[in-house]
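*Asks:* The structure follows.
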Amino acid sequence: MENDSGSPQGPVTCGSWIRRPENLNLVVLGRSRRGNSSPSLLQIFSFDPKTVSMSTSPLANFVLEAEEGDPVAIAVHPNGDDFMCSLSNGSCKLFELYGHEANMKLLAKELIPLQGIGSQTCITFSVDGSKFAAGGLDGCLRIMEWPSMSIILEEPKAHKSVRDMDFSLDSEFLASTSTDGSARIWKVEDGVPVTTLSRNSDEKIELCRFSKDGTKPFLFCAVQKGDKSLTSVWDMSSWNKIGHKRLLRKSASVMSVSHDGKYLSLASKDGDICVVEVKKMQIHHYSKRLHLGTTIATLEFCPSERVVLTTSVEWGALVTKLNVPKDWKEWQIYLVLLGLFLVSAVAFYIFFENSESFWGIPVGKNQQARPRFKPMIRDPQSFDDQNSWGPVDM
């Protein structure tokens, strides 16, 4: 682990995975300015799943102008071709990736509806890529159609200040949390509030993530209750809280759900992470002091590997392989099915050969039992004798 403060480049402020159409996993990082010698940067790195490491040199760099400020947050579109970056000057910029790994470049595009809207602490795309949402430091929440950018919702007083937000798997709902501890649910298509999540007076709902496995319609939230940190679960059908559990046991800074919905992860404000199996809500991986003594700003599962990306200002970007049970590969499943079929076929043959009646019907006294199979290969000589023509009387 290398201390990022010793790097000639500025500290890492945000990051994300990029799942490319050619099934490559890349990492995009945002770096803030360091004095006059190092400008704000966006960098693209390759990822090697065999060594579980990022490339030492970036595939592409994009230098931000001084007036644009520093990268605040990054949201990658599901198509893997472009991503949005919110900047500290109060604007958002779209970046398109083109070229291949050996010659990759970033093309920046300014989007008029997202210029001068204030610092956006949270930005995200819906799972199907048809919606984009931005939550501001000033508490304004925006939901837009993508890529037309037509406004569905622009609520200036949605929250005191937006803390976190997430789209549901079917892109029907958006959950958002506030720095004052409240959380609201929004109907995406109509841009209207559905409900405000219930909480006790001593509880603050800080982070939120929807379940992503397609079978359990839940909303997970990191809740701070006094000095206790809880992970609470709300039922999406009624928006009632159905339970909670102490997992990280520390104040959480960021939450993430794996792309297949099997795992939930929490990162602490002092550098720890824990990964939980959603089905049993049991911890399967825990890394202590991964980012020693500093708040983890980014926590995101790799799209195709059991690996997480974490970033912090002090320690930069790290990729960590998770100590979780291995997933079954598709070819392994087919192999097991083939084995079961062959075993069933052999068992059927043995049963058929050794049973007097396949249907279990008693054989009568004068009824012949089923004849045994005889070899199909005969002696060539005897075969010729049976089929030879004798003298024919005319």
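The values are calculated or read from the model by the stated rules, or taken from the named source; none is laboratory data. Note that the coordinates shown come from a computational prediction; the quantities given were computed from them, not determined experimentally. Because the Cβ atoms are built from the backbone with ideal geometry, glycine has one as well, and the counts that use them run over all protein chains shown. In case anyone asks, the SASA skips ligands and DNA or RNA and just uses the protein heavy atoms, side chains included. Shrake-Rupley method; radii C 1.70, N 1.55, O 1.52, S 1.80 Å.
*Asks:* If exposed chymotrypsin sites (Phe, Trp or Tyr not before Pro) are those in a DSSP loop with at most 14 other Cβ within 10 Å, what is the longest stretch of the chain that has none?
*Replies:* 1-327
*Asks:* Between K225 and K160, what is the FRET efficiency for a Förster distance of 25 Å, r being their Cβ-Cβ separation, to the nearest 0.05?
*Replies:* Here the calculated transfer efficiency is 0.80.
*Asks:* Using 31 Å as the Cα-Cα cut-off, could you pick out the over-long pairs in K157/K241; K109/K216; K279/K321; K160/K321; K131/K288; K157/K269?
*Replies:* Violating the 31 Å Cα-Cα cut-off are K109/K216; K160/K321; K131/K288.
*Asks:* Answer with one residue from S201, L290, G15: the one whose Cα lies farthest towards the positive end of the charge dipole of the chain, charges on Cβ with Lys, Arg +1 and Asp, Glu -1.
*Replies:* Working it through, the farthest residue towards the positive pole turns out to be S201.
*Asks:* At 1.4 Å probe size, with every protein chain present, just tell me what the per residue accessible area of the chain comes to in Å².
*Replies:* Per-residue accessible area for the chain comes out at 53 Å².
*Asks:* Still on this structure, I have one more. Tabulate in residue order the Karplus-calculated ³J(HN,Hα) for region 141-154, using 6.51 cos²θ - 1.76 cosθ + 1.60 with θ = phi - 60°, rounded to whole Hz; enter x for Gly and Pro.
*Replies:* Per residue, the Karplus-derived 3J(HN,Hα) values read 10, 10, 10, 10, 6, 10, x, 5, 6, 5, 7, 8, 9, 9 Hz.
*Asks:* If you don't mind, there's one more thing I want to ask. Once amide H atoms are placed 1.01 Å from N in the peptide plane, what residues at a sequence separation of 5 or more from S161, or on another chain, have their amide H within under 5 Å of its amide H?
*Replies:* Amide H neighbours of S161: T179, D180.
*Asks:* Can you tell me the length gained on complete extension of the stretch E65 to I112, counting 0.36 nm per residue apart and subtracting the Cα distance?
*Replies:* Residue separation times 0.36 nm, minus the Cα-Cα distance, leaves 15.1 nm.
*Asks:* Turning to a different aspect of this structure: Lys/Arg Cβ at +1, Asp/Glu Cβ at -1, dipole of region 126-221 taken about the Cα centre: which of T179, P217, P147 is farthest positive-ward?
*Replies:* So the residue furthest toward the plus end is T179.
*Asks:* Hey, rough spin-label estimate for M104 and E353, points 7 angstrom out along Cα→Cβ, what's it come to in nanometres?
*Replies:* 5.8
*Asks:* Could you tell me how far the Cα centroid of region 63-134 sits from the Cα centroid of region 175-212, in Å?
*Replies:* Each part's Cα centre sits 25 Å from the other's.
*Asks:* Further question on the same structure: ³J(HN,Hα) across region 191-196 via Karplus (A = 6.51, B = -1.76, C = 1.60, θ = phi - 60°), whole Hz, x for Gly/Pro?
*Replies:* Once rounded to whole Hz, the list reads x, 10, x, 9, 6, 10.
*Asks:* Work out the FRET efficiency for Y286 and S198 from their Cβ-Cβ distance, taking R0 = 22 Å, and round it to the nearest 0.05.
*Replies:* For Y286 and S198, the calculated efficiency is 0.15.
*Asks:* Next up: Compare the Cα positions of S53, A75, T121 along the charge dipole of region 1-129 (+1 at Cβ of Lys, Arg; -1 at Cβ of Asp, Glu; about the Cα centre) and return the one farthest towards the positive end.
*Replies:* The one lying farthest along the dipole's positive direction is S53.
*Asks:* Additional query: Can you send over the carbon and sulfur percentage of the accessible area for the chain, probe radius 1.4 Å, protein chains only?
*Replies:* Of all accessible area on the chain, carbon and sulfur atoms account for 54 percent.
*Asks:* Could you give each residue of region 276-284 its phi-based ³J(HN,Hα) in whole Hz, using Karplus coefficients 6.51, -1.76, 1.60 with θ = phi - 60°, and x for Gly or Pro?
*Replies:* Computed from phi, the couplings for region 276-284 are 10, 6, 5, 4, 10, 6, 10, 6, 10 Hz.
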